[in-house]
Structure formats: C-alpha cells, structure tokens
Amino acid sequence: MSDPVAVLAIPEASLHHEELGFWRTYLFSTEHKTIGKQYLSLGLFMTIVGGFLAYVMRWQLAYPDTEVPGWGFVGPEFYNVLVTMHGTIMVFFVAMPILLGAFGNFLIPLMIGARDMAFPRLNMLSFWTLFVGTLVLLASFFVPGGAASAGWTGYPPLSAKAIYTGVNWGLNLWILAHAIEFASFLMGGVNFLTTAITMRAPGMTFFRLPLVVWQLLTAATLFLLSVGPLIAGAVMLLMDRIAGTSFFLPEGGGEPLLWQHLFWFFGHPEVYVILLPAVGFVCEVLPVFCRKPLFGYRWIIYSTITAGILSFVVWAHHMFLSGMDPRLAMPFSITTILISVPFAILVFAMIATLWGGSIRFTTPMLFALGFVSMFIVGGLTGIFNGSAPADIYITDTYFVVGHFHYTLFSAVVFGGFAGIYFWFPKMFGRMMNETLGKVHFWLTLIFFNATFFPMHILGLGGMMRRIANPMQYQFLQPLQPINVFITFSAILLLVAQIPFAVNFVWGLVAGTPAERNPWEANTLEWAAPSPPPHLNWGEAIPTVHRGPYEYSSPEGPEDWLPQDRLVVARSS
Amino acid sequence: METTAATRAGTDILPGKVGVWWFLASEVMLFGGLIGSFIVSRLGSSGWSGEAAHLSVPVAAINTLVLLTSSMTMVMAFGAVEKGDPRGLRTYLFLTVLLGLTFLGIKAYEYSSEVAAGFTPVTGLFWSFYYTMTGLHALHVLAGIITNLALFVMARRGLRNQHRVELAGLYWHFVDIVWIFLFPLLYLT
Ligand SMILES: [Cu+2]
C-alpha cells in the first residue's frame, strides 16, 4: 500500500506553481473554482434557451396557431418539440449544472477546507463531457426531422419507433445527450463524495459539515444509485430504435410500462437531486441572516437521508393511471405520503430558525424565504398528486404542471438565486447591487405566482398538459382568458430576470470589491480571501474547532464564531 | 487534535479506492436495472426456457472458467505488487489481458454461431435481452482489458502508481461477478 499522506502532500508541494497559460487557466482548468464557474456559465446560458422555449410555448397556448413574435408559426408537431426540449433542458442542462455542478464544485472543497477536489482532472473531464452533451442536445434541433418530441419523459411506444413521432435522429441524439450528461454527473458525483470523505480539514468531522455539503452529498448519492436503471432503459430504448428490438413495443412482446418504471425509479430521486442542493443553500443562508444557530442540525441531516432513502420507493406515484397493477397504487400512495414527513421536518426546522431571529432582509435572504414559502405550496399540492384517489382526477393536467413548477422552479430559481447572490462575493470577489437584487426578487416572486398558481385552476378545470391548442376543446374555451393571463405573467417573469442579468454583469466588472466575510458568516469558505486564490488556503489549511452555525454565541466578541477560530478561554 | 498541513479529518483510505467503490455502486445499479427488467419480463412471458435451450451451456461454462481464472491472475498481479515484484506484476497483468481477450473471442464465436442459427437481437424478447445484457457486459470486459493493458505498459517502467493495480482489480472482479449473475440467468434457467 502506498502512503496516503504522501498522496495528499502532492497539492501542498505544488503550492508555488508556475503561471499557467490562458488555456489551462480559463478553459481546460483543473481548479475546482474555475470549473464551478464554467458549470454556472453553461447553466445560465442554457436557461436562456430553455426560457425562450417556454415563451414560444406559452404564446402558442394563449394565441394558438398564430405567428409567435420573434419565432414564427409553431403548430402541434413543433409544440411537442418545445414541451420535450424545455423539460429536458431545464432539468438536465440548467438545474443540475447550476445547483449541483456549479455550487458542488465551488463549495465542497472550500467548505471542508480542502485545496481542490480529490480528482481534479476527472473534474475537468466531467465539465467538458457535459459541454459535449450540451452541444449534442443543441445540435439535435438542426438535424432532419428536428429535435425530440416524445416528452421529456420519453415514454414508449411513442419514443420507441421513429415513425411514431416523425423524429429519427433528433430523438437518437436526445438519448445520446442524456447518456453523456449522465456520464458527466456520475464522474462529478464520485468526485464530490470522494472529496468529502477523504479530504476534510483537521477537526472537520461529519457532524461539523455545513448542511449544504450534506445535501450535495445526498444528492450525488441519489444520482449515482438511481441513474443506473435509466441508463439500462436508455440502452434498451436505443436498441428498439436502431437495432429493431422490441423491449418496449407491445407488438413484439415488449412492455411499454417497463420504461415508465425504469424512468421514474430514476425520476423521483432526480427531483431530490435538484431539490436538496437548493434546500442546502437555504440552510446556509437562513442562520447567517437570522444571526441564530440553525434549528435542529442533526434532525435536518437525518430527514435528508430518510427522504433520500424513501425516494427510491415512491416512483409508481407517477403511474397511477398508467395501466399498472392497481394494487400497487395503495403502497405507493403510502410511501409518498410518508416522504412528506422528512420534508415537513425540514420546513419546520427552517421556520424555527427564523423564529425570534434578528432577521437581515438581504437579497439572498429574500430568495431563501421565497423558497421556503413557495416550497410549502408545492409540497401541499404534492399531497393531492401523491394520493391515488385525488390523482386519478388531476393526473396529466395543468394541476401537475403547476405543482411541479412550484417545487422545482422554486428550488432552481429561488434556491439557485439565493445561492448566487450569497456566494457571488466569494466567487468573483465583488458585491452585487442590493437594490437591483431586491427589485429582481419581488418581480420574480409576483410573476412566479401569477404564472404558476392559475395552472392549478386550469388543471382542476380539466386542461390536459402537453396539448398544443386548448381552443380545440369546447370545455376549455371558457378557460382561455386564464391561459392568456398566464402567458403574459410568464413573459413578465422572463423580463423580471433582466435586473439580475444587469446586476450580474455589473457586479462582475464594477461591483464594490468584497471583503473576506461580507455576510459575517461562520463556514470555512468565508475564511479564504474573496475570491480564494489557487489552492484556496495559504501555507496551511484551516483547522476546525466547532460546528458551522454558532451565531450569537456568548463565547466570542462578535455575534458570529467562525468554524476555524480558536477561542482562548477567558481566565477571569 | 494535532495539525500539520497534511493531516486530514478524512479517513486513511485512498481517494482512488473510495472513488472506485462509488463508481461500482452505480454500475451495480446499471446491471441491477437490466437484470431486474429481464426477470420481470421473463416472469411475464412464457417459453423463454425453450429459447434459452438454443444457447450453448458448455461453451459458456468454459467462458465462465476463463473469466474466473482471469480474476485469479488479477489477484496474483496485485500480490506481486505487494511483494515488490515488477516481473510478476507484468506476467500476471499480461495473463489477465490474455484471458480477457479469450473470453471476448469465445463470446464472439458464440454470437456468430447463434446468428448463423437465425437467432439475432430481433428474434424475440429473450434474444433482445440476451444480446443487450451480454453485449453491455462484453463492453465492460473490453474496458477492463484496456485498463489492464495500460497498467501493463506502465508496469514496464517500474512499480510506480502500484495502487492502481488494486483499483483496476476491484473493477475487474466486479465485471467477473456480473457474469456470475448473467450466466445462470441467461443460460441455465
Ligand atoms: Cu415522484
């Protein structure tokens, strides 16, 4: 066996490194902070693509079969492409790169007091793999037949034969892009877990880790353990499409439902892969701006792990009306209701943290509060979907679309923005503008609700999701004003992101230089300079003396007590 | 707690080993999903044992033996590393690669005789599963062969990065174990 200390000593030895050229510094960098920023840029760019698709989709729904300003005619076939690619892009190429890729890479080494990830070159490879996957996905728009149009869930038989959708290469590339994306996040997940297990600073025990690290690790674990069956399914689907097998085609003895089982076995944990990092950001932001310890640190960890485990046994709640054995509905309803218990504990812990705190309403705090309140709405509507008797009525309607966006959109947007506003000073060494940030928050909150709340009403009114033209149905015509209202709210929601874009760019070039610890926070990343130098820490890595949330502690002179500060006992 | 720059709160396990174990966990789920789909589909259809009867059990049994032997030579390669024996390391890595290639050769022979007898991936659901599962496994064997070959080339320059032999061994044993599941499921039931 080789000596582990010798292996670990390698980064220390290269502390005084020679200057790397432009390519190695900015493009093919192995430095975790640069890679995190690369994930962030890629994710933000794809947000624009996915957001534009949403706009075209919404316009088509408000004014069916008219020219969409800035795009042109849509029609039902292309509408299916819009539905599919919007979902795919937002889940796999926006939410995961930003929440997991960008913040996981940036935060984990800094928060555990490491100099970089355990496998820096693998880290670089995982980003560039994702980059290739993104290119493949974008290229699929331009192949003959256009992009995939079988829904982001890709249900067979629709997806299993080219003639059913008229899309051949578009859907093959869609599967390929997923495979590449999965490979990228598998490498990333292995790296996150290995880093946090083997590279923690002295004194950084597992129960002193900031909660966001716990949440990111749980998310990475869920992804690693749930994606395998879907990869198996994707191989079978590709075989059906290319080799002519019939795994999912009933006429050849196959079983279309098998895909749904494989997809949702991954799909439900995947929701938590996205949700948990956002919960983690909120767990970091709340105590800092309440100046109070986070309520129930260990309970949050146990709840997170419990939710993670339960997420593997709830998947069939997506399939109550799929034609599966109806006897399965009851057990999966029960597990689904059970899984709301750990999340209720999480929400209660967050509210209890707020209780009696001296709250500072900064922009990241506003977004964190926005997440908590919107997530409660999303969680409550989830109980309707999870109970088979209620779900039979609302499944595949806009109620589900509304619920989904209240949970996931609030996680990605409110959680994501909380993270970006909070860690921007550390990432880029400059502050963002608070006024613009607050304008951004309030506009986003208002138009988010104006966009997604009415969807519940549409759903209860019977509007099916994924239809290109609601006016075709007589019973939906009276609801059309709601569709028009949602469309304009959605456009304003997109417009509301302009203050953010301005603020981000302005902050990058002209923001006030950030201090080391502008928010007066405890976790280790704030002990490093803003932005942290190559290899993060100077000559010696920090030593950890306590947990991450010691606010308003009587031990120190200030109302915060950083994890790495040694308090000398007073002798009086 | 005593602190020097290199002391970590982390465990003394090599990062590479932790990484490989997590990677293998995801691989278990990949083959688990495939095998689970196979079992569920098999329970839902009839006549699969009749289809399986067209497979050659003796040839596959020999192949199983070849793969098991290769796992043994891989263990011996690691043993050579621990004894500081670069010659032994090269010999056993070479044998492992050779046995891996033999496995793929025999598998290719099986495929060609099955296709010649008219059983292709589109013949029926059993054959679709058979070709997909063994094909995916064969790709994993190929990846292992390439890894071992790379280690063999590296070993010619001495015993540096020896822990990689252990990591490659973990992967190679995993590929072996997958076959131990595939063999009875596809050939014997
Ligand atoms: Cu679910």
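The values are calculated or read from the model by the stated rules, or taken from the named source; none is laboratory data. Given the structure is predicted, the values throughout are model-derived calculations rather than measurements. All Cβ positions, even for glycine, are placed from backbone atoms using ideal geometry, and neighbour counts span all protein chains on display. Each accessible area value is taken on the protein alone, full model and side chains, heavy atoms only, with ligands, DNA and RNA left out. Shrake-Rupley method; radii C 1.70, N 1.55, O 1.52, S 1.80 Å.
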Quiz item: Which ones in region A:196-237 are aromatic (Phe, Trp, Tyr) and either closer than 26 Å to B:MET133 by Cβ or at the interface with chain B (Cβ under 7 Å from one of its Cβ atoms) (or both)?
Solution: A:PHE223
Quiz item: If you go through region A:161-178 one residue at a time, do you hit one that is within 14 Å of chain B (Cβ to nearest Cβ), open to solvent by 30 Å² or more (accessible area, probe 1.4 Å) and part of a helix (DSSP H, G or I)?
Solution: no
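Each row is one residue, and each column tells you yes or no for (1) open to solvent by 40 Å² or more (accessible area, probe 1.4 Å); (2) of a type outside the set (A, V, I, L, M); (3) over 17 Å from B:LEU149 (Cβ atoms).
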site: B:GLY47; (1), (2), (3): yes, yes, yes
site: B:ILE62; (1), (2), (3): yes, no, yes
site: B:MET74; (1), (2), (3): no, no, no
site: B:LEU98; (1), (2), (3): yes, no, no
site: B:PRO121; (1), (2), (3): no, yes, yes
site: B:GLY124; (1), (2), (3): no, yes, yes
site: B:TYR130; (1), (2), (3): no, yes, yes
Exercise. Identify the single condition in (1) buried (at least 18 other Cβ atoms within 10 Å of the Cβ); (2) away from chain A (no Cβ under 14 Å) that B:THR189 does not satisfy, given that it satisfies every other one.
Key: (1)
Practice problem: Determine whether region A:338-348 contains at least one residue that is surrounded by fewer than 17 Cβ atoms within 10 Å (Cβ to Cβ) and under 21 Å from the mean Cα position of the chain (by Cα). | Solution: yes
Quiz item: Tally time: how many residues in region A:505-527 are charged (D, E, K, R) and open to solvent by less than 50 Å² (accessible area, probe 1.4 Å)?
Solution: 1
Exercise. Would you point out the residue of region A:393-426, among those that are of a type in the set (A, V, I, L, M) and more than 16 Å from the ligand (Cβ to nearest atom), that is nearest to the chain's Cα centre (by Cα)?
Key: A:VAL412
Quiz item: So which helices (runs of 4 or more DSSP H) stay within region B:11-129 end to end and still have 2 or more residues that are out of contact with any Asp or Glu (no Cβ under 7 Å at 6 or more places or on another chain) and free of Cβ contacts under 8 Å to residues at least 40 places away in the same chain?
Solution: B:15-44, B:57-83, B:86-116
Quiz item: Looking at this structure, is A:SER340 within 16 Å of the ligand (Cβ to nearest atom) and within 22 Å of A:PRO229 (Cβ to Cβ)?
Solution: no
Quiz item: Is it the case that A:SER333 is open to solvent by 40 Å² or more (accessible area, probe 1.4 Å) and either within 14 Å of the ligand (Cβ to nearest atom) or away from chain B (no Cβ under 14 Å) (or both)?
Solution: no
Self-check item: region A:359-389: number of residues that are more than 16 Å from the ligand (Cβ to nearest atom) and either touching a strand residue (DSSP E or B) at 6+ places or on another chain (Cβ under 7 Å) or open to solvent by less than 30 Å² (accessible area, probe 1.4 Å) (or both)
Solution: 11
Quiz prompt | Qualifying position, being without any contact (Cβ under 8 Å) to a residue 60 or more places away in the chain, open to solvent by 10 Å² or more (accessible area, probe 1.4 Å) and not in a loop (DSSP other than H, G, I, E, B), among A:VAL132, A:VAL83, A:VAL143 | solution = A:VAL132
Exercise. Go over the candidates A:ALA219, A:ALA232 one by one and state the one that is open to solvent by less than 10 Å² (accessible area, probe 1.4 Å), in a helix (DSSP H, G or I) and either in contact with a His (Cβ under 9 Å, 6 or more places away or on another chain) or under 14 Å from A:VAL273 (Cβ atoms) (or both).
Key: A:ALA219
Self-check item: So B:LEU149, is it within 20 Å of the chain's Cα centre (by Cα), surrounded by fewer than 15 Cβ atoms within 10 Å (Cβ to Cβ) and in a helix (DSSP H, G or I)
Solution: no
Quiz item: Which one is least open to solvent (accessible area, probe 1.4 Å), of the residues in region A:255-278 that are more than 16 Å from the ligand (Cβ to nearest atom) and without any contact (Cβ under 8 Å) to a residue 60 or more places away in the chain?
Solution: A:LEU258
Exercise. Quickly run through region A:356-379 and pick out the residues that are over 20 Å from the mean Cα position of the chain (by Cα) and aliphatic (A, V, I, L, M).
Key: A:ILE359
Self-check item: Meets criteria (within 30 Å of A:TYR297 (Cα to Cα) and not hydrophobic (A, V, I, L, M, F, W, C)) for A:GLY547
Solution: yes
Quiz item: Checking A:GLY233 against (1) within 14 Å of A:ILE108 (Cα to Cα); (2) at pLDDT 95 or above, which single condition isn't satisfied?
Solution: (1)
Practice problem: Return only the number of the condition from (1) away from chain B (no Cβ under 14 Å); (2) over 15 Å from A:PRO389 (Cα atoms); (3) in contact with a Leu (Cβ under 8 Å, 6 or more places away or on another chain); (4) within 16 Å of the ligand (Cβ to nearest atom) that A:SER322 does not satisfy. | Solution: (2)
Quiz item: In region A:422-434, which residue that is open to solvent by 10 Å² or more (accessible area, probe 1.4 Å) and assigned to a helix (DSSP H, G or I) is nearest to A:PRO269 (Cα to Cα)?
Solution: A:PHE428
Practice problem: Please go through region A:242-251 and pick out each residue that is facing chain B (nearest Cβ under 7 Å) and either touching a Lys or Arg at 6+ places or on another chain (Cβ under 7 Å) or in a helix (DSSP H, G or I) (or both). | Solution: A:ALA243
Exercise. Of the numbered conditions (1) modelled with pLDDT of 95 or more; (2) surrounded by fewer than 22 Cβ atoms within 10 Å (Cβ to Cβ); (3) away from the ligand (no atom under 16 Å from the Cβ); (4) within 14 Å of another protein chain (Cβ to nearest Cβ), A:PHE312 fails exactly one; give the number of that condition.
Key: (3)
Self-check item: Given (1) out of contact with any Phe, Trp or Tyr (no Cβ under 9 Å at 6 or more places or on another chain); (2) open to solvent by 50 Å² or more (accessible area, probe 1.4 Å), number of the condition A:ILE482 does not satisfy
Solution: (2)
Exercise. Can you tell me which residue within region A:455-479, out of those that are in contact with a Ser or Thr (Cβ under 8 Å, 6 or more places away or on another chain) and small (Gly, Ala, Ser), is surrounded by the most Cβ atoms within 10 Å (Cβ to Cβ)?
Key: A:GLY459
Quiz item: Does B:LEU30 count as open to solvent by less than 40 Å² (accessible area, probe 1.4 Å), within 13 Å of chain A (Cβ to nearest Cβ), at pLDDT 95 or above and touching a Phe, Trp or Tyr at 6+ places or on another chain (Cβ under 6 Å)?
Solution: no
